[in-house]
Amino acid sequence: MTYDTKSGTGGDQRTRARGMGLAAVRGLALALVSLPGAVLCFVLSLVSIALIPIGGGIVTTPWVLTGVRAFADWRRVLAAEWGGVRIPPAYRPLPKDANPWARTFGMLGDPATWRDLRWLPVDMTAGFVTALLPAVLLFYPLEGFAIAAGLWRVLPDGYWYGFVRVEGQASALGAAALGLGLLFVAHFYTPRLLQVHFQLTRAVLGAGQGELAERVRVLTETRQDAVDTSAAELRRIERDLHDGAQARLVAMGMDLGTIEMLVDKDPEKAKQLVAQARRSSADALDELRDLVRGIHPPVLAERGLGDAVRALALRLPVATEVNVELPGRAEAPVESAAYFAVSEVLTNAVKHADADRFWIDLHHTEGRLRITVTDNGRGGAVIGTGSGLAGIERRLGTFDGVLAVSSPAGGPTMVTMEIPCALS
């Protein structure tokens, strides 16, 4: 019993130490990368917007603001993955065929754009300090220990370590004591300090109450998309039934009528028609099964999203690796939306990506179903411009889900989908 307690305490200490080191390294990396990025985005934004009155900024501003949005979205991802702080974007959609003037003033008329621009100077100053502080709190004590170990001998007279003036071995030991105290504080508060940075980011970058009307508008659009999609799906089902199974069943009924007349007069011909009717019934049954699978695959209803995606991967002509970590099942509409979204992403990838391997990852964390589909193809996939990804984005939007695509030229392509949901 005593051994288990000590072991658990030691494990907790090691976990805390790893968390402290990880928070410090992440904060340092974040400070070093984000500072030049924020400065560059802020300067380019100011210059580009200032050039709009003379016409020069009309072309550059959409590109610059798109870069600012990408930079802000990157920070949203880090806030969610490193700090568990979710900062949902609330950008207004732009028309696909908008000209440079419409794109420029459409983006400048979006409150989310100005929120991004206000966040940049905050990120250069207070954001930089709060990101760097965990690393300082962890690594600064090392200087105190080095001073006590003999570094004080080569330091200039009157050197200050914190509030300790280093003048000899005794004061050097005082510096070590101060470093030990700072290390004790870092042991408990370093991860929390990084959390403060992400909370600050959310306070400036997150949408406030003023975005409620925008949220209502987006929900209205997604609801209309859902209605249109449902109507189109019903028309597709009706067309497939009329042109496929229904036509075969009608032909089979006519064959049976002919068989009834020929069974006594020409038994051999009747046998041929029976065989033909049997083949027609099998074809009709296959078409009905395909139609049902297109509406709601039986494997999805019976075994859940993970096994349904595995079955989908087995039918692909490309080698596919599937990783599923789902401790339960989502509601049926969410599972259906996720399944068909994955199916459409894979279909598009097979047609256009020129890839020879796919990776699919499904897991549920912090109340969200997250699906990632990656391929090693040629890249260049974008949302919009008539691509199937726009339809997937609308499908997920019905459930308040989001779609993100990373697809540089030359690949690889990573499509990430997130849907808020609870698992049973």
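Hydrodynamic estimate: the Kirkwood radius of region 334-424 over Cα pairs, inserted into Stokes-Einstein at 4 °C and 1.567 mPa s, corresponds to D of 99 µm²/s. Modelled this way, with points 7 Å down the Cα-to-C-beta line, the labels at A332 and R357 are 3.9 nm from one another.
Couplings 3J(HN,Hα) for region 262-270, derived from phi with the Karplus relation 6.51 cos²θ - 1.76 cosθ + 1.60 (θ = phi - 60°), are 8, 4, 9, 7, 9, x, 5, 5, 4 Hz, where x marks Gly and Pro. The stretch between W114 and D266, if pulled fully straight at 0.36 nm per residue, gains 46.3 nm over its current Cα-Cα span. Here the extension length gained between V129 and M254 equals 36.8 nm, from 0.36 nm per residue of separation less the Cα-Cα distance. Listed by Cβ neighbour count within 10 Å, with the fewest neighbours leading, F145, F184 appear as F184, F145.
Within region 173-196, find all residues whose amide N lies under 15 Å from a label point positioned 7 Å from the Cα of R16 along Cα-to-beta-carbon. Only 181-193 pass the distance filter.
Loop-resident GluC sites (Glu not before Pro) (DSSP state other than H, G, I, E or B) in region 340-424 with no more than 11 further Cβ atoms inside 10 Å of their Cβ: E366.
Shape class for region 333-379, computed from the alpha carbon gyration tensor (a ≥ b ≥ c): oblate, with a/c not under 1.5 and a/b at or below b/c. Here the Karplus curve 6.51 cos²θ - 1.76 cosθ + 1.60, taken at θ = phi - 60°, turns the phi angles of region 336-341 into couplings of 5, 4, 5, 4, 6, 5 Hz, with x standing for Gly and Pro. Each Lys and Arg Cβ is given +1 and each Asp and Glu Cβ -1; about its Cα centre, region 56-135 then shows a dipole of about 120 debye. With a Förster radius of 51 Å applied to the beta-carbon distance between Q169 and W63, the computed FRET efficiency rounds to 0.25. By the beta-carbon count within 10 Å of each Cβ, the least crowded to most crowded order of W74, W359, W160, fewest first, is W160, W74, W359. Extension gain for A177 to A50 (0.36 nm times residue separation, less C-alpha to C-alpha distance): 40.4 nm.
Over region 11-207, Cα pairs under 8 Å with separation of 6+ residues give a relative contact order of 31 percent. With neighbours defined as other Cβ atoms within 10 Å of a residue's Cβ, the residues D264, D375 order from fewest to most as D264, D375.
Every number here is computed from the coordinates shown, using simple stated rules; none is lab data. If you're wondering where the values come from, they're calculated on a predicted model, not measured in any experiment. Methodologically, a virtual Cβ is constructed for each residue, glycine included, from the backbone with ideal geometry; neighbour enumeration extends over all protein chains shown.
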